[in-house]
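Q: Below is one structure. I have some questions about it.
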Amino acid sequence: MGIYSIKPLFQKSLAPLKRILVKWKVSPTAINLLALLISISGGLAIYFSQYYIILLIYVPFMAFIRTALNALDGLVARELKVKNQKFGEVLNEFTDRLSDISIFSAFIFMPHVNTYLASAALIIILTNSYLSILSKAAGGKRQYIGLVGKADRMIYLGIFSIIVLITSNFNILNYFLAFISLATIITL
């Protein structure tokens, strides 16, 4: 089940921030869009790290913030009793996929990363996300089971980014993408 099993504890730790967002009536859509902007900045940091390796220090923070915002949007939506939940769910999933694309497509354009491996990893990640919500579209519950999910990917991305920063070896990113691809295939 991966890191998703600790989601309730993580959500509980975000309660003070949730209360502030609810008090200010921050819409879940704004939270989704902020998560997307954070993800785009993370993808840019990954891409430009080939020129300025110190940018990799930002990646774990980006990964954590994206994960927190992804938890907060649902919490705030429930607390504010947002109308038109179906549209909100679609928007949430859409911005989540755009965020995945923003982050993981950066690897495709890096010279030390195998383009085919990076492309395959992105396709596998998107396919996994699609399948996890397909069950809900078919009338069942959304599936969160498996070896790696979105939060797991973000944790591993942060860890591998720090390893590359410490070792200055960008080839390690190929191992990260291979690991994520294999673990996601098992999850599929």
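The values are calculated or read from the model by the stated rules, or taken from the named source; none is laboratory data. Note that the coordinates shown come from a computational prediction; the quantities given were computed from them, not determined experimentally. Neighbour counts are summed over all protein chains in view; Cβ atoms, including those assigned to glycine, are modelled from backbone coordinates with ideal geometry. Heads up: the accessible areas ignore ligands, DNA and RNA and are worked out on the full protein's heavy atoms, side chains in. Shrake-Rupley method; radii C 1.70, N 1.55, O 1.52, S 1.80 Å.
Q: Of the residues Ile103, Ile166, which is assigned to a helix (DSSP H, G or I), without any contact (Cβ under 8 Å) to a residue 24 or more places away in the chain and either open to solvent by less than 70 Å² (accessible area, probe 1.4 Å) or among the aliphatic types (A, V, I, L, M) (or both)? If you could, list the steps in order and put the result at the bottom.
A: Values: Ile103 fails: without any contact (Cβ under 8 Å) to a residue 24 or more places away in the chain.
When all the criteria are applied, what remains is Ile166.
Q: If Leu134 passes every condition in (1) over 17 Å from Ile185 (Cβ atoms); (2) open to solvent by 30 Å² or more (accessible area, probe 1.4 Å) but one, which one does it miss?
A: (1)
Q: For region 67-97, which positions are among the basic types (Lys, Arg) and more than 20 Å from Lys25 (Cα to Cα)? Show your work before the answer.
A: As a first pass, look at region 67-97 and keep what is among the basic types (Lys, Arg): 78, 81, 83, 86, 97.
Listed by number, the list holds a single entry, Arg97.
Q: Given the residues Leu122, Leu117, which is the only one that is open to solvent by less than 50 Å² (accessible area, probe 1.4 Å), under 14 Å from the mean Cα position of the chain (by Cα) and modelled with pLDDT of 95 or more? Before you say what the answer is, go through the steps one by one.
A: Working: Leu117 fails: under 14 Å from the mean Cα position of the chain (by Cα).
Residue meeting the stated conditions: Leu122.
Q: Filter region 139-159 down to residues that are in a helix (DSSP H, G or I) and open to solvent by 40 Å² or more (accessible area, probe 1.4 Å) and give me whichever is nearest to Leu122 (Cα to Cα). It would help to see each step written out before you state the result.
A: Of the residues in region 139-159, the ones in a helix (DSSP H, G or I) are 150-159.
Add one more test, that the residue is open to solvent by 40 Å² or more (accessible area, probe 1.4 Å), and what stays is 150, 155-156, 159.
Values: Lys150: 12, Ile155: 16, Tyr156: 15, Ile159: 18 Å.
Only one residue fits best here, namely Lys150.
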